[in-house]
Amino acid sequence: MIAMQKSYFILFVLLAFNNWIYSQVNDCTNAIILCGNTPVGVEPNGIGFDEFSLPGNFVPPCYSFNTATVWFEINIDQAGTLGFDIVPGNGTDDYDFAVYGPVTDCANLGRSIRCSSTNPQNAGVSANTGLNATETDVTEGPGGNGNGYLQELTVNAGERYYLLVDRAIGAGGFSINLNVTATFPETPDYNTVQDIEVCDVVGNNDGFYDFNLASQASSITSGHPDSQVSFHASLGDANLDQNPLPNTYTNTTANRQTIYARISSRTGPCSSIETFDLIVNRDPVYINPNQLYICNVTTVENYDLAALNDQITGSDLDLNITYYSSSIDAFTNRGAITNINVPFSGIEIFFNIRNTATGCIITDSFRLDYEYGPILSQPDPLIYCRDDNTTLTYDLSDIESEALNGLDPDDFDTYFYESTANRANDVDRLPISWDASANSRTLYFRTINSATGCYTDGSFDILVVDSPDYAFEEIQYLCIDDPNPFTLQIDAGFTRYEWSTGQSGATLNSITVNQPGTYSVTAFNSYGCSTTKTTQVLASERATIVDVEVVGLNYPQNEAIINVTGQGAYEFSLDNGGYTSNNSFTGLSRGYHTITVRDLNGCGSVQSQAFLILDYPRYFTPNGDGYHDTWELIGLNEYPGAYVRIYDRYGKLLKELSAQDARWDGTYLDKILKPDDYWFELVLPEGARVTGHFSLIN
C-alpha cells in the first residue's frame, strides 16, 4: 500500500493590530494540539513551566531552549511519516526546535529524538527549518553547524509526540507546514459558521451592539451533540482555550470585529477554530425636516411628499423612503402615501427609511403646518444726492429693520434684487453695500422667516436727486463810497440757506455785507441735497477826476487827457459818446467838451467840467444861410486881454477882434470881401502868438 503524504499549513503569527493575538506563555502540559488543519496562532513569549526540572525530562542537547518557547502535542491516528517546515513570518528570525516521543505525558519526556539549533545567518542558509525526507541527521547546531533540516519521523498509530519551538533571535511569528503520510485525529463536526449582522438600533450609530453569542453557539453545534463551542477575541486565546467571551458580548471594535470560535469534541482531544465577524451596520443617515410649513395659502393644500425624498435621504441611492399618515401604518408598513391633503390644523407625517444595502430600517416623523410670511411695513425711499457722480454706493442695511417694523431681525433673512424676475428665481442677489449708476430706481426684496421658510415680498424706491443749482458770481464788487449796504443774493425757493457769516434760515437767500472778502452760501433742497458756492467780494468805487490836460489850436491833433484816481476799473466817454478804456481823446473839435468816467464794477460814473478846445474854423461862408456865416474863436473870452488881428494875403489889416467878441462877419468897411485866403494873428495875454490862415467862401 502506498502511503499518501498530506500537507497541513499551520500559522503562528503576531498581528500588531485589532488585538487578535495576545502574547501567551504555554508549556508542555497545555501544549497546543495539532489536529487536521486547525489554525494555530501563538507568539512565543517566555518559557512557562520548566519541564526540564522534572527528573524524567532532559534538556535538548543542541540548545538551551529558554528564550521564547511554544509547545505542540501531536497525536498519531494512522501510521506514516511526519515532517514539517517552520517558516519565520519575516524570513529572517532564527527558530530552533526539538522533538520528544513517543511519550505518554509531559512528566516523562526523556531525551529529544530530534534537535536543531542552526543559526541560518552563520550557516548561510534559509531561515526555514524542520524535518524532511532527504536529511539523515537527527541533530545539528548550534551556530553555523547544519542546514536547518533533520530527518523526518516514522510514526505509528496511537503514538504521541511533543514539538518544542524556540525563537532564539528575532521578534516575529512563524507558520508550520506539516508534510505527513500519517494522519491525525479528526476535528469535531459542526455547522457552517455565519457572520452575525445587526443594525445599530440604539440610535447613536456608534457601531457597538450587545450580541447574543449563546444563540450563535446553538446554530454552530445544532445537530452535533458531541461538539461544543467557546468564543474568543483572539486566535491565541482560542488555541489555548482561555479567556472565553460571555454569552452577551459587546464588540470592542466599532462596526466590525472578528471573533474566533473554538469548536471542540466533548469526547476527543481535537478542536477546530473558525472565524466570523460581528457586523454592526449603521442606521440609515438622513435629514429629518422635523417641521415643514405650507406658506401663504387660503385653501387646503395637497402636499407632494415624494418631492422631499432627496432632501431627507441626501440623494443617497441606497436609501429608500416611504411615507405614512399614521404611526401604525409606518410600523406595519401598510398604506404608504406619496401626497396628502393637509388640514388647516396641520398633520404629522411618518416615514420609513430603509438601507437597501444593509436592510436596516428606521421610522421617524415630521409635521406639516400652515404659516404666513411676516407682515411688513413699506420702507421709506432711500435718498441720495447725485453731486455730479455717475455711480453711487447704496447702503441697503436699514431696509430690513424698517420693513420688519419692530420684529426681531434675527428671526428673518432679507435678500435684495434688481427685478421681480430675479427675486422669483432667487438669482443675482444684491450686496448690502451696492455700487450702481447714479439713477433713481425701484429695488425688490424678499423677507424670509428663518424658522418657517415663509416669506413676504416688498419693494422700495431709490431717489437720486440733483443738488440745488443757482447762480452766484465768483467775483462781486462792493462800492466803498456807497453808503448803502451791499447785498449778496441767490435764487429763492430752496428749503434752507447757510452763509459763511453764520447766518442761516429757510428764506435767507440774501445777506448784506460792508466789507470786502470771501463769502460762501450753501443751499439745501427738500431732500437734504446741498450745493455750496463761493464769491470773492472786492472793493471798488467811483473815479475821482484829478484834471483834464488839453492840447488845442492844432486841429486835427487837438487832444484831451483826463487823469483820475480810485480803486475801481474805469472807462471813459467823450461828450456822452461810446465808452473806451483809453483816457486820451484826439482829433477834438474846437469848443467845449466833457468826459464821463464810469466804474466797470458798477459803482457809478462822474463827469468832468466842460473844458475848452481853443481852435479856429478853417473856412466860413458869409452868405446868410445860417451856417458858418461868421469866423470866430469859441471860448476866447476865457483869455481876457487876448486879441485877434485878421489880414489879407498882402498883409493889410482888415479886422481886430477882442477876447469878448472874437467873431468876424467877412466885411471890410461894411462890404463883403471877395472869396480868398485870409490870415490871422492870435495874441494871448501871456504873450504867446499863434498865426494861421482860413478861407472865405461864397
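The values are calculated or read from the model by the stated rules, or taken from the named source; none is laboratory data. Treat the numbers as computed from the prediction; the structure is a model and nothing was measured. Neighbour counts are summed over all protein chains in view; Cβ atoms, including those assigned to glycine, are modelled from backbone coordinates with ideal geometry.
Restricting attention to the range 521-550, the residues that are among the hydrophobic types (A, V, I, L, M, F, W, C), closer than 16 Å to VAL597 by Cβ and outside any strand (DSSP E or B) total 1. The sole residue among ASP482, ASP428 that is within 46 Å of the chain's Cα centre (by Cα) and not assigned by TED's automatic domain parsing to the domain that holds ASN601 is ASP428. Based on what the data block shows, is THR275 more than 30 Å from PHE350 (Cβ to Cβ) and either assigned by TED's automatic domain parsing to the domain that holds PHE344 or surrounded by fewer than 17 Cβ atoms within 10 Å (Cβ to Cβ) (or both)? The answer is yes for THR275.
Out of the range 90-124, which residues are touching a residue at least 60 places away in the same chain (Cβ under 8 Å) and farther than 26 Å from PHE49 by Cα? Let's see the steps before the verdict.
Within the range 90-124, the subset touching a residue at least 60 places away in the same chain (Cβ under 8 Å) is 90, 92-101, 106, 109.
Across the range 90-124, the qualifying residues are ASN90, THR92.
Among the conditions (1) assigned to a strand (DSSP E or B); (2) farther than 30 Å from GLY207 by Cβ; (3) touching a residue at least 60 places away in the same chain (Cβ under 8 Å), PHE366 misses just one, which is (2).
Look at (1) outside any helix (DSSP H, G or I); (2) over 24 Å from ASN30 (Cα atoms) and you find that ASN122 fails only one, number (1). Filtered by the rule that a residue be outside any loop (DSSP other than H, G, I, E, B), of a type in the set (Gly, Ala, Ser) and crowded, with 19+ Cβ neighbours inside 10 Å, the range 131-149 gives a lone residue, GLY141.
Looking for something closer than 30 Å to ASN333 by Cβ and either in a loop (DSSP other than H, G, I, E, B) or touching a residue at least 24 places away in the same chain (Cβ under 8 Å) (or both) - is there at least one such residue anywhere in the range 371-394? No, the range 371-394 contains no residue that is closer than 30 Å to ASN333 by Cβ and either in a loop (DSSP other than H, G, I, E, B) or touching a residue at least 24 places away in the same chain (Cβ under 8 Å) (or both).
Please go through the range 311-331 and pick out each residue that is at pLDDT 95 or above and surrounded by fewer than 12 Cβ atoms within 10 Å (Cβ to Cβ). Of everything in the range 311-331, just one residue is at pLDDT 95 or above and surrounded by fewer than 12 Cβ atoms within 10 Å (Cβ to Cβ), namely ILE328. For first residues located in the range 57-71 and over 11 Å from SER117 (Cβ atoms), partners that are among the β-branched types (Val, Ile, Thr) and lie 6+ apart or on another chain with Cβ distances below 6 Å form the pairs ASN66/ILE47; THR69/ILE47; VAL70/VAL42; VAL70/VAL165. Examine the range 551-566 for a residue that is in contact with a strand residue (DSSP E or B) (Cβ under 6 Å, 6 or more places away or on another chain), crowded, with 17+ Cβ neighbours inside 10 Å, part of a strand (DSSP E or B) and of a type in the set (Asp, Glu), and state whether such a residue exists. No, that holds for no residue.
If you scan the range 79-119, which residues turn out to be closer than 15 Å to GLY148 by Cβ, part of a loop (DSSP other than H, G, I, E, B) and more than 60 Å from the chain's Cα centre (by Cα)? Working first, answer last.
At the first step, the residues of the range 79-119 found to be closer than 15 Å to GLY148 by Cβ are 83-88, 91-99, 114-119.
Keeping just the survivors that are part of a loop (DSSP other than H, G, I, E, B) gives 91-93, 119.
Residue satisfying the conditions is ASN119 alone.
Of all residues in the range 487-504, exactly one satisfies the criterion of being part of a loop (DSSP other than H, G, I, E, B) and of a type in the set (Asp, Glu), namely ASP491.
Every listed requirement among (1) modelled with pLDDT under 95; (2) closer than 30 Å to VAL537 by Cα; (3) in a strand (DSSP E or B) is met by PHE572 save one, (1). At least 3 residues being aliphatic (A, V, I, L, M), closer than 23 Å to LEU34 by Cβ and touching a residue at least 24 places away in the same chain (Cβ under 8 Å) is the threshold, and among the strands (runs of 3 or more DSSP E) wholly inside the range 150-240 those reaching it are 160-169, 174-180. Within the range 575-597, restricting attention to residues that are in a strand (DSSP E or B) and without any contact (Cβ under 8 Å) to a residue 40 or more places away in the chain, the residue that is nearest to ILE480 (Cα to Cα) is THR596. When we screen GLU186, GLU152, GLU197 for residues that are more than 28 Å from PHE276 (Cβ to Cβ) and among the charged types (D, E, K, R), the only hit is GLU152.
Screening the candidates PHE49, PHE65, PHE12, PHE17 for the property of being exposed (fewer than 15 other Cβ atoms within 10 Å of the Cβ) and modelled with pLDDT under 90 yields one hit, PHE17. Among the residues making up the range 653-698, those that are over 23 Å from GLY626 (Cβ atoms) and assigned to a loop (DSSP other than H, G, I, E, B) are ALA659, GLN660, LEU669, LEU684, PRO685, GLU686, GLY687, ALA688.
Does ASP410 satisfy the criteria of being closer than 30 Å to ASN290 by Cα and out of contact with any Asp or Glu (no Cβ under 6 Å at 6 or more places or on another chain)? Considered against the rule, which asks whether it is closer than 30 Å to ASN290 by Cα and out of contact with any Asp or Glu (no Cβ under 6 Å at 6 or more places or on another chain), ASP410 comes out as yes. Within the range 643-664, residues that are over 15 Å from SER695 (Cα atoms) sit with their Cβ atoms under 6 Å from residues that are in a loop (DSSP other than H, G, I, E, B), at 6+ positions apart or across chains, in these pairs: VAL644/ALA662; ALA659/TYR639; ALA659/PRO640; ALA659/ALA642; ALA662/LEU633.
Filter the range 371-394 down to the residues that are surrounded by fewer than 13 Cβ atoms within 10 Å (Cβ to Cβ) and farther than 30 Å from ASN296 by Cα, then identify the one that is nearest to the chain's Cα centre (by Cα). Per the criteria, the residue is THR393.
For the residues ASP85, ASP94, the requirement of being surrounded by 17 or more Cβ atoms within 10 Å (Cβ to Cβ) and in contact with a helix residue (DSSP H, G or I) (Cβ under 8 Å, 6 or more places away or on another chain) singles out ASP94.
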